[in-house]
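Each value in this text was obtained by applying a stated rule to the coordinates, not by laboratory testing. Bear in mind the structure is a predicted one, so any value in this text is a computation, not a measurement. Ideal geometry is used to build each Cβ from the backbone, glycine not excepted, and the neighbour counts take in all protein chains shown.
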Amino acid sequence: MPELPEVETVRLGLLSLLPGKTVQAVSSNTPKIFPNAQHDVDQFLVGASVRDIRRRAKVLIIDLDNDYSLIIHLKMTGQLVFRANDDSARFGAGHPNDSLIGALPDKTTHVIFDFGDSKLFFNDQRKFGWVRLLPTIEIPEIDFFRKFGPEPLADDFTAADFIKRLEQRPRSNIKAVLLDQAVIAGIGNIYADESLFAAQVHPLTLVKNIPKTNKEKLFHELQAVLRLSLEKGGATEENYVNAKGEKGSYQLFAKVYHRDGQPCLVCGTIIEKSRVAGRGTHTCPTCQPKPKEKNEKNK
Ligand SMILES: [Zn+2]
């Protein structure tokens, strides 16, 4: 489940490795993941050099020097792993599993970008991710990107902007609104649960019933949770601790996410798991009292 911090971690790792490298060859036997026509690949990808790597929401954009870009969505179980042929450099991040650290290609490898002295592997256990080649200029125009709301960590995204966007959905529960990529881009289940816990707001609370000061607190907690995860490096090869059975660092700091049945770190009450907005939801019944509204929407 790579989320915004994991995808940003992938971006920063690859940004120190890929720019300037030229694609020598590309291989893929999985059209679902790599649905690009062979003549486009031959003409616009092979021979092009990496210029920059950007991120929008949970999607990576690798810009090439010929005004084409690779758009990469890791979805549920995707990961990108870079290996120098002489093993002088290696980096892997995304979904935390053994393919991050093992010999590649393996059975989860679906695309290989060969740079001559190194390779980039796109691995995906469940095959929901994808890699598309597009003219760079078309990216902002495709529906997929148009629908995204602002980036939660953008310098110019303020608490006032956040509150204004939430208030466009007054009768929805706050968790559904946080997860709606059109409201804010890139917030997934773990960061929704963690920020709501930190702000002491129950996920079923309707937006119109949350006081302004609590909405402000939620904004700051959401940014804090995302920044902490970025600082911890998301889920990378480096912090993938297989021996302990821990799947990357992003779960190690979680206070409620996947902690159901364990005591709340603030008050000791047992963390509960329920279903809100169609997603497994973790709350402390004491720190986040359930709203008393009769007609809960978007359950
Ligand atoms: Zn508590």
Cut-off 13 Å between beta-carbons: net charge of the residues surrounding P19, Lys and Arg +1, Asp and Glu -1: +1
Peptides ranked, highest mean first, by Cβ atoms within 10 Å: ranges 9-18, 101-110: 9-18, 101-110
For the chain, with +1 on Lys and Arg beta carbons and -1 on Asp and Glu, the positive-most of V10, A93, T77 along the dipole: T77
222 nm mean residue ellipticity, helices alone, for the chain (DSSP H n ≥ 4; -39,500 (n - 2.57); rounded to 500): -6000 deg cm²/dmol
Gain upon complete extension [R279, D156; 0.36 nm per residue less C-alpha separation]: 41.3 nm
In the stretch 119-179, the chymotrypsin sites (Phe, Trp or Tyr not before Pro) that fall in loop regions by DSSP, at most 15 other Cβ within 10 Å: F128
Cβ crowding within 10 Å averaged over residues, with 175-184, 203-212 ranked highest first: 175-184, 203-212
Cβ charges +1 (Lys, Arg) and -1 (Asp, Glu), total dipole of the stretch 39-136, debye: 600 debye
